[in-house]
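Participant: Please read through the structure below; I'll follow up with questions.
The values are calculated or read from the model by the stated rules, or taken from the named source; none is laboratory data. Predicted model, so just to flag it, every value in this text is computed and none were measured. All Cβ positions, glycine included, derive from the backbone under ideal geometry; neighbour counts span all protein chains shown.
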Amino acid sequence: MLSYRDALARLLAAAKPVGKERVSVDQAAGRVLAEDLVARAPMPAFDHSSMDGYAVRAADLEGGGPFELPVVGESSAGGERPALAPKTACRIFTGARLPEGADTVIMQENVERRGDVIVIREAPRAGAWIRRRGSDLAEGAVAIARGTRMTPGHAALAAALDRPFVLVAQRPVVTILCSGDELRSPGEPGKPGSIAESNGVFVAAAARQIGAIARVGAYVPDDLDVARAAVVEALRGSDLVVTIGGVSVGDRDVMRPAFEAAGVTLDFWRVAIKPGKPIAVGRAGDTHVLGLPGNPASASLTWLLFGAPLVRALQGDPAPLPRRERVVVVGSYERTPGREEFVRARIEPGTGPVRARILPNQASGAVTSFAEAEVLVVVPASQGSVEDGSELEAIRIDAF
Ligand SMILES: Nc1nc2c(c(=O)[nH]1)N[C@H]1C(S)=C(S)[C@@H](COP(=O)(O)OP(=O)(O)OC[C@H]3O[C@@H](n4cnc5c(N)ncnc54)[C@H](O)[C@@H]3O)O[C@H]1N2
Ligand code: MOO
């Protein structure tokens, strides 16, 4: 059976970035940049004051104080740029251009104003309270690199770079098909043995969080022809089709035959992970297909392990995998070696090494687990039971 690492490498190798589109800079947060944003001018563009006060020449304030300077002129943010005559001070405000000839700003709290004159008791440090042209970014510098997922901070920087629009990856379209005769919408009356659909809710929400357009199709009954038709329909206009359930070995598990009948080429089925082993992965043209297992923890986990990196890669994210960190395990966990296991855990409050407490219910049918879990502790395939206090790698769920 394929390892997670090899399976993911195969999936990502086939991921071609989706198209690009221009969005207004105020809509750019959360999107993946599809161009390098280069500073076309130095940032800031001109020397300016970082305080309200007085602009002076340091050379006029040499020797022992106090010094008296007449106040001549004013420089305000967005206003004209005055010139500073020798042995004078110019009133200046935060953000205002430094007057020609000035090289230092004194905060107004540090002078005594007497009519049109200021008295300076102590000479300021030459060059004080000035933000220099280009001190934040040099002209020509790459301010934000292509592939960056824009935060509000990046969007603000793009705006400061004078960009009304930025080029970003289109949102990948993800169509989600939930299969199973037992499924009904939450709150809908159902026959005995039916259950409220929840896996599609997880996948749609998680996909939208990382920039996808997610749509959930009508529930697919355990019927090969209906499933085939649903897959054919879902492939139209989707970058990724995610099916949930029906990929195991039961007589009513129709998804894999439905994929083939719908023209999907299966790349692999089953990966050596726990939970989530029966995942099926394939493609029809450039549209990716993920057949996730139906057990709730398995569906959520396989979305995070495969779906999330794929959606990121489709947007041109050069590093679509979440960071891993070392944690100290709190609680022990019985297991047999064989599959790499992703154990749901919560972070213990406190400082020092990160401690991850294993959640008591690790059943793949547990719907509670992804509501409560904060991290996945990664247990290598070859390892047996996990001991309390041992160190392992973990992935924060919100990092996927
Ligand atoms: N004989 C074997 N049986 C099973 C094996 C196996 O290797 N041999 N593998 C098991 C594993 S591991 C998993 S995981 C499951 C996955 O099976 P399916 O993908 O076919 O999932 P279903 O049978 O359709 O459903 C499993 C379970 O999850 C519930 N479910 C399904 N969809 C949803 C949904 N959208 N929302 C909420 N809950 C859902 C469903 O009602 C079942 O309870 O197979 C094992 N069996
Ligand atoms: O691999 Mo299954 O996903 O354990 O329930």
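Participant: Out of curiosity, is residue 79 surrounded by fewer than 15 Cβ atoms within 10 Å (Cβ to Cβ) and within 43 Å of the chain's Cα centre (by Cα)?
Facilitator: So residue 79 fits the description; yes.
Participant: With a cut-off of at least 2 residues that are within 24 Å of residue 164 (Cα to Cα), name the strands (runs of 3 or more DSSP E) lying wholly within the range 1-108.
Facilitator: Here the list reads 20-24.
Participant: Looking at 231, 249, 264 in this structure, which one is β-branched (Val, Ile, Thr) and farther than 21 Å from residue 303 by Cβ?
Facilitator: Testing whether each residue is β-branched (Val, Ile, Thr) and farther than 21 Å from residue 303 by Cβ leaves just 249.
Participant: Moving to a separate point now. When you check residue 202 against the structure, is it among the aromatic types (Phe, Trp, Tyr), within 16 Å of ligand 2 (Cβ to nearest atom) and part of a strand (DSSP E or B), yes or no?
Facilitator: Taking the combined requirement at face value, the residue does not satisfy it.
Participant: Quick one: which of 228, 252 is within 13 Å of ligand 1 (Cβ to nearest atom) and either more than 26 Å from the chain's Cα centre (by Cα) or among the charged types (D, E, K, R) (or both)?
Facilitator: When all the criteria are applied, what remains is 252.
Participant: Given the options 309, 296, 275, name the one that is more than 15 Å from ligand 1 (Cβ to nearest atom) and within 29 Å of the chain's Cα centre (by Cα).
Facilitator: 309
Participant: Among residues belonging to the range 352-386 that are over 22 Å from the mean Cα position of the chain (by Cα) and assigned to a strand (DSSP E or B), point out the one that is farthest from residue 298 (Cα to Cα).
Facilitator: Going through the qualifying residues, I end up with 355.
Participant: More than 28 Å from residue 16 (Cα to Cα), away from ligand 1 (no atom under 16 Å from the Cβ) and in a loop (DSSP other than H, G, I, E, B), is that true of residue 349?
Facilitator: Against the criterion (more than 28 Å from residue 16 (Cα to Cα), away from ligand 1 (no atom under 16 Å from the Cβ) and in a loop (DSSP other than H, G, I, E, B)), residue 349 qualifies.
Participant: Say we look at the range 274-294 and pick out the residues that are in contact (Cβ under 8 Å) with a residue 60 or more places away in the chain, in a loop (DSSP other than H, G, I, E, B) and surrounded by fewer than 23 Cβ atoms within 10 Å (Cβ to Cβ); which of these is farthest from ligand 2 (Cβ to nearest atom)?
Facilitator: Here the answer is 286.
Participant: Further question: Scan the range 1-35 for residues that are within 16 Å of residue 155 (Cβ to Cβ) and touching a residue at least 40 places away in the same chain (Cβ under 8 Å) and report the count.
Facilitator: Of the residues in that region, 14 qualify.
Participant: Considering only residues that are buried (at least 18 other Cβ atoms within 10 Å of the Cβ) and either at pLDDT below 95 or among the small types (Gly, Ala, Ser) (or both), which ones fall in the range 82-115?
Facilitator: Across the range 82-115, the qualifying residues are 89, 96, 102.
Participant: Is there a residue being basic (Lys, Arg), at pLDDT below 95 and out of contact with any Gly (no Cβ under 7 Å at 6 or more places or on another chain) anywhere in the range 185-194?
Facilitator: Checked the range 185-194: at least one residue is basic (Lys, Arg), at pLDDT below 95 and out of contact with any Gly (no Cβ under 7 Å at 6 or more places or on another chain).
Participant: Somewhere in the range 223-243, is a residue of a type in the set (Val, Ile, Thr), away from ligand 2 (no atom under 16 Å from the Cβ) and surrounded by fewer than 19 Cβ atoms within 10 Å (Cβ to Cβ)?
Facilitator: yes
Each row is one residue, and each column tells you yes or no for (1) at pLDDT below 95; (2) surrounded by 20 or more Cβ atoms within 10 Å (Cβ to Cβ); (3) out of contact with any Ser or Thr (no Cβ under 9 Å at 6 or more places or on another chain).
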| residue | (1), (2), (3) |
| --- | --- |
| 338 | no, no, no |
| 347 | no, no, yes |
| 354 | no, no, yes |
| 369 | yes, yes, no |
| 374 | no, no, yes |
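Participant: When you scan the range 234-248, how many residues do you find that are part of a loop (DSSP other than H, G, I, E, B) and near ligand 1 (Cβ under 6 Å from one of its atoms)?
Facilitator: Residues in the range 234-248 being part of a loop (DSSP other than H, G, I, E, B) and near ligand 1 (Cβ under 6 Å from one of its atoms): 4 in total.
Participant: Looking at 251, 317, 267, which one is charged (D, E, K, R), surrounded by 19 or more Cβ atoms within 10 Å (Cβ to Cβ) and not in a helix (DSSP H, G or I)?
Facilitator: Unique residue meeting the criteria: 317.
Participant: Still on this structure: Could you figure out which of (1) of a type in the set (D, E, K, R); (2) under 30 Å from residue 22 (Cβ atoms); (3) part of a loop (DSSP other than H, G, I, E, B) isn't true of residue 208?
Facilitator: (3)
Participant: Which one is surrounded by the most Cβ atoms within 10 Å (Cβ to Cβ), of the residues in the range 134-152 that are closer than 28 Å to residue 171 by Cα and among the charged types (D, E, K, R)?
Facilitator: Across the range 134-152, the extreme among qualifying residues is 149.
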